[in-house]
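Since the structure comes first, as structure tokens, the remarks are kept for the end.
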Amino acid sequence: MKHFSFILFTFGIALILQSCGSGTDIPVSKEPQMMKLSAPVTVNTSDSTVIELGDYFLYPNKIDSFFTDNSLNARITKDSLQMVLHPGEHSIPLLSELKVWSKGFAYSLLLERSQKIHYRFGFDPGNKKYKKVQIAGQMNDWNPGAGPMFLKEGKWYTDLHLFPGKYQYKIICDGKWASDKNNPDSVSNNSGGFNSQLTLGNLNSPGLPALYTVKADGKKLILGLKNKADTIFVLWENHFLDSRFWKHDSSGIQISVPKTAGSFERSFIRAWAVNKTGISNEILVPLKSGKVITDASKLTRTDREAMILYFMMVDRFRDGKKENNAPIIDKDIDPKVNYMGGDIYGITKSIDEGYFTKLGVNTLWISPITQNPLKGYNEFPAPHRKFSGYHGYWPITLTTVDTRFGTADELHQLVNDAHGKGLNIVLDFVSHHAHQEYAVFKAHPDWITVLDLPKKRKNIRLFDENRLTTWFDIFLPTFDLTRPEVTEMVSDSATFWIREYNIDGFRHDAAKHVPENYWRVLTKKLTQQVVIPQGRQVYQIGETFGSRELIKSYINPGMLDAQFEFNLYWDAKNTFAQDYTSFRDLNYSLQQSFSYFGEHNLMGNITGNQDMPRFISFAGGALGFSEDATEAGWKRDVEVKDTVGYRKLASLMAFNMTIPGIPVIYYGDEYGMAGAADPDNRRMMKFDSLNTHEKNLLATTSKLANMRHTSMPLIYGDFNTIKVSEKVYIYIRSYFDKAVIVIFNKDKKSKKIEFDIPERFVNSVFLSNFENQISLKKGKASLILNGNSFELLSN
């Protein structure tokens, strides 16, 4: 009772307001106070935790008071920009509430106790003597500089603070990389070698509470609970719901939606359960005017969880207007890296002809369209090939359309036509750098980071060593975004595209190479200039190669909505493309993804992208995992050697379309375009003359995407693994009384697969969506599934 007695004493007026009327309402400010739905904030157990209040609250200086668990001592800094939490004398709960009052209204942030483990890692060099030993691996983004070790009594040590999990690593002894000879646990690096592997913590928690949706009836819903819970947290939006709104009895967790929700076109109920073992999965239930949505037809293109992205490079998609074609006349530029004629008008024609609607996607991500230089440039690394800026990532302006792609009017038309077809437009924007021809650099040469380093080194592509200052090439200066005037200019330019063209979001290039403050400034501008006054959402997804911990550090309501889940893609690629990789590895990776980003994340689950070799080139055997994929693309034709690659790509597509997160199709993957690494993976799109395998894959992709955007279980459903082995993977997505069971067989041969239907669906009739015969008897299911194939069963 300490919590509520404190509120009654200090905030009597607020409590009286909440108690007025029927007792089933929550007072909500007419003026928005919080940014977006807030995921639990991780709280350190040994050090202080700093919360950037602007990441969660629009007006931090308007915060009246706050209250948190007595295990934490909290204070707000004098400038009202940060809240600092210090561990107190009592043990911090696994999950607790931080209640904040802003302008007299109460809001809740959940605080999650950090699960990081302190571990002293040791390396015994034996009889060998070294001057310097380092560790590099998944725990420090493979950066030796972040893994120094110290010598003590003949052994080398370093202190690690890591979340439970598996971490691949190497030991670097006087600059030489090698596996850890003291550790017998090693795994393939999928490039012809092996990495040592460190496993920390308990990765199996059988007593963990698990929540699931049971029944929905208008403004009421029931959740089920597996395993006992000590505490249950239920929120509507960012408001904690107390016992007036829910109760837990033998029928489940019965929740009544607050009356206030009726005034919101879209809002959400969320829930978590906690016991001594840990924290449950998250429940996310969308509401329309206060009523639970159970039919996907009630969703719109603005429902971000329902998005399916399609990424195209403008120059390589479709040539709509021959008159704007202007390839660079230079014999040193290979046709592969010159302009091929794709343009904005070509994309608009495909929109109008219904290509994307038929395919089943609802969000188009287009590569950068800002003006790029009119001549080519040689890249810094050997062999110093000469390229054009056909890809759009060498901007010489930040706010004008490249003349080879079209005009401002044509961009307006593209966006208008897309919205008319129920499609979002996400624009690729470069905030990290500009081309040396960018006029602002001439006026302000000090607005860029340092290029020349000591010992005659160049600050080029030092991605880990100088993450926030490195240049991508000799002619691409990096913006010095530590200067406020530079951050203002670049963020204003980005905001211009959203305001001027009514674009729906950004894909942000090189997100981890941009200071965090820049993302905060940009997101605040978008919120104040677009989201609030225009009442529309802006989706922001970043590109970061690195550990999940690094990737997550850029995701919160005041920065980015999501990033691409590259770590999951690499594990999915290895699992589906290679015969010997176990589904257990993929299931582990997916569960790790949930632990970092939540079960209802907005992360991008890709089939590939412009920086990676095409998946089908690996899966079809035309490209080896250990070969230089870039040189392969320059020296030989990389096609589909074995047609099994089409089936393997279909399985990857099915995986992405049926797991939580946002599916992302790289143009051409819908039918199986081949290609090695950049630039061979950026061939011209093919619409006609598809072979039989390509036609079949295109039809499968379309069927999967259309199933995804019409299925509430595949958009908002709970996820549970039913069965996982070397060659078989089965999981279920369920949303109230609807469910989809997903089954994969990666064996080369057909396989009889048997499994138990989850208890609450034993009386359901599940039907095949991909023409397999299913036998259902007394809660058990069996089917014969062809090699390298999948099935989706829906009730």
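The values are calculated or read from the model by the stated rules, or taken from the named source; none is laboratory data. These numbers come from a predicted model, not from an experiment. Glycine gets a Cβ as well: all are built from the backbone with ideal geometry, and neighbour counts include every protein chain shown. These accessible areas exclude ligands, DNA and RNA; they are computed on the full protein's heavy atoms, side chains included. Shrake-Rupley method; radii C 1.70, N 1.55, O 1.52, S 1.80 Å.
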The relative contact order of segment 223-331, taking Cα pairs under 8 Å that sit 6 or more residues apart, comes to a percentage of 21 percent
Compute the Rg to Rh ratio over segment 169-284 from the alpha carbon atoms, using the Kirkwood formula for Rh, and round to two decimal places.
1.28
Spelling it out for residue 363: with amide H atoms placed in the peptide plane at 1.01 Å from N, the residues 5 or more places away or on another chain with amide H under 5 Å from its amide H are 308, 310, 424
Note to self: C-alpha centroids of segment 72-107 and segment 682-753 sit apart, in Å, by 43 Å
Under a point-charge model restricted to the Cβ atoms of Lys and Arg (+1) and Asp and Glu (-1), what is the dipole moment magnitude of the chain relative to its Cα centre, in debye to the nearest 20?
1520 debye
Tell me, what is the 1.4 Å probe accessible area of residue 552, in Å² to the nearest 10?
70 Å²
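Sort 669, 159 by accessible area with a 1.4 Å probe, largest first. All intermediate terms of the calculation are to be shown ahead of the outcome.
On the way: 669 5, 159 65 Å².
I get 159, 669, largest accessible area first.
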Heavy atoms of residue 151 accessible to a 1.4 Å probe, total area in Å² rounded to 10:
100 Å²
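Suppose we flag chymotrypsin sites (Phe, Trp or Tyr not before Pro) only when DSSP calls them loop and at most 13 other Cβ atoms lie within 10 Å. Which is the longest uninterrupted stretch of the chain?
Working: sites that count: 580, 687.
Segment 1-579 is the longest.
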Percent of all Cα-Cα pairs per 5 Å bin for segment 364-434, counting from 0 up to the last occupied bin, reads 4, 15, 22, 21, 17, 10, 6, 4, 2, 0
Work out the charge dipole of the chain with +1 on the Cβ of Lys and Arg and -1 on the Cβ of Asp and Glu about the Cα centre, then indicate which of 604, 653, 575 is farthest towards its positive end.
575
Once amide hydrogens are built 1.01 Å from N within the peptide plane, the residues lying 5 or more places from residue 510 or on another chain with amide H under 5 Å from its amide H are 543
Length gained, residue 357-residue 77, 0.36 nm per residue minus C-alpha separation, equals 95.7 nm
If you place +1 on the Cβ of every Lys and Arg, -1 on the Cβ of every Asp and Glu, and leave all else neutral, what size is the dipole of segment 76-142 about its Cα centre, to the nearest 20 Debye?
440 debye
Need one value: the accessible area of residue 26 in square angstrom, 1.4 angstrom probe, rounded to the nearest 10.
20 Å²
Cα-derived Rg to Rh of segment 90-161, Kirkwood definition
1.30
List the residues, sorted by chain then number, that are 5 or more residues from residue 757 or on another chain and whose placed amide H is less than 5 Å from its amide H.
780, 781
As a test, work out the antiparallel percent of DSSP beta bridges whose residues both lie in the chain, rounded to the nearest 5.
80 percent
Simple SL model, points at 7 angstrom along Cα→Cβ for residue 763 and residue 451; separation in nm is 7.4 nm
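Once a ≥ b ≥ c are taken as the square roots of the eigenvalues of the Cα gyration tensor of segment 567-678, is the result rounded (a/c under 1.5), prolate (a/b larger than b/c) or oblate (a/b not larger than b/c)?
Values: a/c = 1.94, a/b = 1.76, b/c = 1.10.
It comes out prolate by the Cα gyration axes.
Might you tell me the accessible area per residue for segment 693-769, computed with a 1.4 Å probe and given in Å²?
Details: 3270 Å² over 77 residues.
Value for segment 693-769: 42 Å² per residue.
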Mind checking which lysines have their C-alpha under 21 Å from residue 131, skipping anything on the same chain fewer than 8 residues away?
152, 155, 170, 176, 181
Checking the cross-link filter: which lysines have an alpha carbon closer than 24 Å to that of residue 219, excluding same-chain neighbours under 8 positions apart?
30, 36, 247, 259, 288, 291, 298, 738
Would you work out which of 619, 114, 365 lies farthest towards the positive end of the dipole of the chain, given +1 charges on the beta-carbon of Lys and Arg and -1 on that of Asp and Glu, about the Cα centre?
114
Computing the accessible area with a 1.4 Å probe over protein heavy atoms, can you report the carbon and sulfur percentage for the chain?
51 percent
Treating cross-link reach as a plain straight distance, find the lysines whose alpha-carbon is under 21 Å from the alpha-carbon of residue 746, omitting any fewer than eight places away in the same chain.
573, 641, 648, 703, 723, 727
From the coordinates shown, volume of the Cα convex hull per residue in Å³ corresponds to which of (i) 205; (ii) 176; (iii) 196:
(ii)
Rel. contact order, % - alpha carbon contacts under 8 angstrom, at least six apart, the chain
9 percent
Can you give the calculated 222 nm mean residue ellipticity of the chain, where each DSSP H run of n ≥ 4 adds -39,500 (n - 2.57) and the sum is split over every residue, rounded to the nearest 500 deg cm²/dmol?
-6000 deg cm²/dmol
Please report, to one decimal in angstroms, the Kirkwood hydrodynamic radius of segment 71-110 built from all distinct Cα-Cα pairs.
11.5 Å
Any idea which of 184, 260, 156 is furthest toward the positive side of the dipole for segment 130-261, if Lys and Arg beta-carbons carry +1 and Asp and Glu beta-carbons -1?
260
